[in-house]
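Notes follow the structure.
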Amino acid sequence: MANFFIFFAIGLIVIICLMLYRVIKGPTVYDRLNGLGVIGSTVILLLITIGFIDERADMFVDIAIAYSLLGFISLIVIAKYISEEEL
């Protein structure tokens, strides 16, 4: 079962790298924001997966919740800044 979680974590890292390319080379600002949102969600899944591999899922769930709150608030602030800049 641990091998499954390791392969799953490697797949998540590949997804993060692909989205990092989208954030850097995105044609529009909205593509970059979407890439940041996907990276945030994938990092949360990666944290939970690492928690299962380490057999300390309870600690990593707390870290993932804090990371998700920070990521959500930061994306809202960035989107607000961009929408005011366009006006």
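What tally of residues in the range 40-70 results from selecting those that are modelled with pLDDT of 90 or more and in contact with a Gly (Cβ under 6 Å, 6 or more places away or on another chain)?
The qualifying residues number 2.
Give all pairs with beta carbons closer than 6 Å in which a residue from the range 11-31 that is in contact (Cβ under 8 Å) with a residue 24 or more places away in the chain meets a residue that is surrounded by fewer than 14 Cβ atoms within 10 Å (Cβ to Cβ) and β-branched (Val, Ile, Thr); count only pairs at least 6 apart in sequence or on separate chains.
That search, which allows pairs on different chains as well, returns VAL29/ILE82.
Return the residues of the range 21-52 that are of a type in the set (Phe, Trp, Tyr) and over 30 Å from ASN3 (Cβ atoms); say none if nothing qualifies.
Here is the first cut: in the range 21-52, the ones of a type in the set (Phe, Trp, Tyr) are 21, 30, 52.
TYR30, the sole residue that qualifies.
Provide a single number: the residues in the range 3-34 that are over 21 Å from SER74 (Cα atoms) and aromatic (Phe, Trp, Tyr).
Counting residues in the range 3-34 that are over 21 Å from SER74 (Cα atoms) and aromatic (Phe, Trp, Tyr) gives 4.
Going through the range 42-54 one residue at a time, which ones are in contact (Cβ under 8 Å) with a residue 24 or more places away in the chain and of a type outside the set (Val, Ile, Thr)?
Residues of the range 42-54 in contact (Cβ under 8 Å) with a residue 24 or more places away in the chain: 42-46, 49-50, 52-53.
Within the range 42-54, LEU45, LEU46, PHE52 qualify.
The values are calculated or read from the model by the stated rules, or taken from the named source; none is laboratory data. Since the structure is predicted, the reported quantities are computational estimates derived from the model, not experimental observations. When we count neighbours, we look across all protein chains shown, and the Cβ atoms used for this are built from the backbone with ideal geometry, even at glycine.
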